[in-house]
Amino acid sequence: MNENAAVEAVVLFLTLSGAAFSLLSALGVIRLPDVYTRAHATTKSATLGILCILLGAFVHFAFVHQIFSVRLLLGIVFVFLTAPVAGHLVIRS
């Protein structure tokens, strides 16, 4: 297995796991009984899903196209810091 196939496998795993976490988040919003558990499902698993998808895109561009995207890194940091805090503040209000 060469390096390119390993990178593609990592990108595939990150993208599919991000999509699975986002799907679980959507199912949690539909199926969970009250507002607090719905907000927990939305903030935690959707944030993890978005982070996995953005990390998969970053790895793809870094290793396949040799492009180091600072915008993707800033997007990862921004989502990681703001999404749980925003969810917490919405629930507190």
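Would you confirm whether or not the stretch 64-76 contains a residue that is at positive phi and of a type in the set (S, T, N, Q)? Before the answer, list the steps.
Within the stretch 64-76, the first condition is being at positive phi, and the residues that meet it are 66.
Now restrict to residues that are of a type in the set (S, T, N, Q): 66.
Looking for residues that are at positive phi and of a type in the set (S, T, N, Q), one finds at least one in the stretch 64-76, hence yes.
Residues of the stretch 25-39 being in contact with a Gly (Cβ under 9 Å, 6 or more places away or on another chain) and crowded, with 17+ Cβ neighbours inside 10 Å, which ones? If you could, list the steps in order and put the result at the bottom.
Quick first cut of the stretch 25-39, residues in contact with a Gly (Cβ under 9 Å, 6 or more places away or on another chain) only: 25, 37-39.
Result: SER25, ARG38, ALA39.
For the stretch 64-86, which positions are open to solvent by less than 80 Å² (accessible area, probe 1.4 Å) and either touching a strand residue (DSSP E or B) at 6+ places or on another chain (Cβ under 8 Å) or under 16 Å from VAL11 (Cα atoms) (or both)?
Within the stretch 64-86, VAL64, SER69, LEU72, LEU73, ILE76 meet the criteria.
Go through the stretch 1-23 and give me each residue that's within 12 Å of the chain's Cα centre (by Cα) and of a type in the set (A, V, I, L, M).
LEU14, LEU16, ALA19, ALA20, LEU23
Evaluate the following for ILE30: is it more than 14 Å from LEU14 (Cα to Cα) and outside any helix (DSSP H, G or I)? Even if it seems obvious, please write down each step before you answer.
Working: more than 14 Å from LEU14 (Cα to Cα): yes; outside any helix (DSSP H, G or I): no.
When the stated conditions are applied, ILE30 does not pass them.
Could you tell me which of the residues ALA20, ALA86, ALA46, ALA41 is in contact (Cβ under 8 Å) with a residue 24 or more places away in the chain, assigned to a helix (DSSP H, G or I) and touching a helix residue (DSSP H, G or I) at 6+ places or on another chain (Cβ under 7 Å)? Working first, answer last.
Numbers: ALA20 fails: touching a helix residue (DSSP H, G or I) at 6+ places or on another chain (Cβ under 7 Å); ALA86 fails: touching a helix residue (DSSP H, G or I) at 6+ places or on another chain (Cβ under 7 Å); ALA41 fails: in contact (Cβ under 8 Å) with a residue 24 or more places away in the chain.
It is ALA46.
Take the conditions among the hydroxyl-bearing types (Ser, Thr, Tyr) and at pLDDT 90 or above and apply them to THR47. Does it pass?
Details: among the hydroxyl-bearing types (Ser, Thr, Tyr): yes; at pLDDT 90 or above: yes.
Judged against the criteria, THR47 is a match.
The values are calculated or read from the model by the stated rules, or taken from the named source; none is laboratory data. Keep in mind the model is a prediction, meaning the values are calculated, not measured. Every residue, glycine among them, receives a Cβ derived from its backbone with ideal geometry; neighbour counts consider all protein chains shown. Protein only, heavy atoms only, side chains kept; ligands, DNA and RNA dropped before computing areas. Shrake-Rupley method; radii C 1.70, N 1.55, O 1.52, S 1.80 Å.
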